[in-house]
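Okay, so here's the structure we're looking at.
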Amino acid sequence: MLLLLLLLFKKILCHGPSTVVLYGPLPLFHTFLMVISLSATQVLGPHHPAAEEPLSFRMLQISSFANHSWAHTQGSGWLGELQTHRWDNALGTIRFLWPWSQGNFSKEELKHIQALLQLYFHSFPLEVQAFSSQFQFEYPFELQISFGCRMHSGKASGNFLNGAYQGSDFLSFQGNSWKPSPGAGSRAQNVCNELNHYRVIKEIVQSLLIDTCPRYLAGLRESGKSELERQVKPEAWVSKGSSPGPGRLLLVCHVSGFHPKHVWVMWMRGEQEQSGTQQGEVLPNADRTWYLRVTLNVAAEEAVGLTCRVKHSSLGGHDIIIHWDGYPILLICICLAVLVTLVILVVINSWFKKQSSNQNICPPHVSKPIFPTEANIQEPSNSGSFLCLAQKLWIKNRLQKK
């Protein structure tokens, strides 16, 4: 069976250099698991453009085995935090999720890769189930593989191939051989011993890691440049979470709508980071941006003066700083409103007195008050006093309207 698979792979690989992109014989299931789909991750610092940061291309596979006759495999591909490929189990084809997901590989190269994947996905479950007893895999179990390479400043900067069994590190490919992960036990050692017998497979894996993966990553980096460099500024706000206990507060800092994914958020007192800051998982929004929730458990009297600081590449070095002090700030706003109102009343009163002084045209013999009663208006003592009182009344009405 192994010799047959080797011949099939060799036959496909001979059609073009790109086919090296995929796999070797299936008993080396860990090797082939990683090639099923295309994915990448991107590591970004908080103040640097995405294109200047290390970029990695990662191919992932998760294969679940319920028993000797049932298995299911999922394959996906990611560039940064963006899914770029998916393996369609029903059609046996690669799904390119973006127009630029093909990178700079030709249609012929991609066709050879897909042919390898079809062969691999057909044979892989059978080979794993055939070797499950020898390797002491206990049903149900799950295998996971991460395979990829990194690039920095346009140059290849490393590669990786890691395998996991039941969610725990199991083995890796280092240099030109398979090695068990620390603490994986004798089972992982036995699998590595078996895999290391196949020199051709190790050469194929090396070629994938050293040549094919960097070439494909370089093409994706160029074709997906606009997506990689997309910058969306975050929004931030603070709130109070459920009370963690008597006399304590749970301060919550929400940061949402940012891209790329990498962000730095910390509760601060002045320039001092608060060691009790707890960061949640960065979750995706529907618009391909991200959301993060960061909390701090503090005594109620210690909450005053705390701030939430956010660093992100889209901010150009200008951090977002949100002050907690929710209730004191509200009180200050109310006081300011009252103060402004008082100032306005003082100004109006001063203006009223000035107008009254300027409009005092009544002769000395006119009696007070300034604003006469109805009787006074209806029965003025003379025409001069009548005109004076009428003007006083007009001024009063005008001021009341203002």
For the range 84-109, pairs from a residue that is among the β-branched types (Val, Ile, Thr) to a residue that is in a loop (DSSP other than H, G, I, E, B), with Cβ under 7 Å and 6 or more apart or across chains, are Thr84/Leu38; Thr84/Leu97; Thr84/Trp98; Thr84/Ser101
Could we say that Ser226 is among the hydroxyl-bearing types (Ser, Thr, Tyr), within 22 Å of the chain's Cα centre (by Cα) and either buried (at least 19 other Cβ atoms within 10 Å of the Cβ) or outside any strand (DSSP E or B) (or both) here?
yes
Within the range 80-114, restricting to residues that are under 16 Å from Thr212 (Cα atoms) and among the aliphatic types (A, V, I, L, M), the one that is modelled with the lowest pLDDT is Ile113
Screening Ser177, Ser168, Ser186 for residues that are touching a helix residue (DSSP H, G or I) at 6+ places or on another chain (Cβ under 8 Å) and surrounded by fewer than 20 Cβ atoms within 10 Å (Cβ to Cβ) leaves only Ser177
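Residue-by-condition table, conditions (1) in contact with a Cys (Cβ under 6 Å, 6 or more places away or on another chain); (2) assigned to a helix (DSSP H, G or I); (3) exposed (fewer than 13 other Cβ atoms within 10 Å of the Cβ):
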| residue | (1), (2), (3) |
| --- | --- |
| Ser256 | no, no, no |
| Lys261 | no, no, no |
| Met266 | no, no, no |
| Gly276 | no, no, yes |
| Glu281 | no, no, yes |
| Ala286 | no, no, yes |
| Arg293 | no, no, no |
| Leu296 | no, no, no |
| Glu301 | no, yes, yes |
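Being of a type outside the set (Asp, Glu) and over 28 Å from Met151 (Cα atoms) is the requirement here; does Tyr216 meet it? Give the derivation first.
Details: of a type outside the set (Asp, Glu): yes; over 28 Å from Met151 (Cα atoms): no.
No; evaluated as a whole, the condition is false for this residue.
For the range 162-196, name all the residues that are without any contact (Cβ under 8 Å) to a residue 12 or more places away in the chain and assigned to a strand (DSSP E or B).
Initially, the range 162-196 is screened for residues without any contact (Cβ under 8 Å) to a residue 12 or more places away in the chain, giving 174-175, 185-186, 189, 193.
Gln174 - this is the single residue of the range 162-196 that is without any contact (Cβ under 8 Å) to a residue 12 or more places away in the chain and assigned to a strand (DSSP E or B).
Specify the residue that is surrounded by the most Cβ atoms within 10 Å (Cβ to Cβ); the eligible residues are those in the range 138-164 that are hydroxyl-bearing (Ser, Thr, Tyr) and out of contact with any His (no Cβ under 9 Å at 6 or more places or on another chain). It would help to see each step written out before you state the result.
We begin by selecting, within the range 138-164, every residue hydroxyl-bearing (Ser, Thr, Tyr); these are 139, 146, 153, 157.
Within this subset, residues satisfying the condition of being out of contact with any His (no Cβ under 9 Å at 6 or more places or on another chain) are 146, 153, 157.
Numbers: Ser146: 18, Ser153: 10, Ser157: 14.
So the residue we want is Ser146.
Applying the selection to the range 72-85, what residues are buried (at least 18 other Cβ atoms within 10 Å of the Cβ) and more than 21 Å from the chain's Cα centre (by Cα)? It would help to see each step written out before you state the result.
Taking the range 72-85 first, the residues buried (at least 18 other Cβ atoms within 10 Å of the Cβ) are 73, 75-85.
Of everything in the range 72-85, those that are buried (at least 18 other Cβ atoms within 10 Å of the Cβ) and more than 21 Å from the chain's Cα centre (by Cα) turn out to be Thr73, Gly75.
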Restricting attention to the range 229-248, the residues that are basic (Lys, Arg) and not in a loop (DSSP other than H, G, I, E, B) number exactly 2
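Being at pLDDT 95 or above, touching a Lys or Arg at 6+ places or on another chain (Cβ under 8 Å), on the phi > 0 side of the Ramachandran plot and not assigned by TED's automatic domain parsing to the domain that holds Trp78: is that true of Gly257 here? Step through it out loud before you land on a result.
Details: at pLDDT 95 or above: yes; touching a Lys or Arg at 6+ places or on another chain (Cβ under 8 Å): yes; on the phi > 0 side of the Ramachandran plot: yes; not assigned by TED's automatic domain parsing to the domain that holds Trp78: yes.
Here the answer is yes, as Gly257 does meet what is asked.
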Does Ser123 satisfy the condition of being surrounded by fewer than 14 Cβ atoms within 10 Å (Cβ to Cβ), more than 19 Å from Ala184 (Cβ to Cβ) and in contact with a helix residue (DSSP H, G or I) (Cβ under 9 Å, 6 or more places away or on another chain)?
no
Kindly check whether there is at least one residue in the range 237-247 that is out of contact with any Asp or Glu (no Cβ under 9 Å at 6 or more places or on another chain), free of Cβ contacts under 8 Å to residues at least 12 places away in the same chain and of a type in the set (D, E, K, R).
no
Exception for Gly245 within (1) exposed (fewer than 13 other Cβ atoms within 10 Å of the Cβ); (2) closer than 15 Å to Ile321 by Cα; (3) of a type outside the set (A, V, I, L, M) falls at (2)
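The values are calculated or read from the model by the stated rules, or taken from the named source; none is laboratory data. What you are looking at is a predicted structure, and each value in this text was computed from that prediction instead of being measured. Cβ: placed from backbone, ideal geometry, glycine included. Neighbour counts: every protein chain shown.
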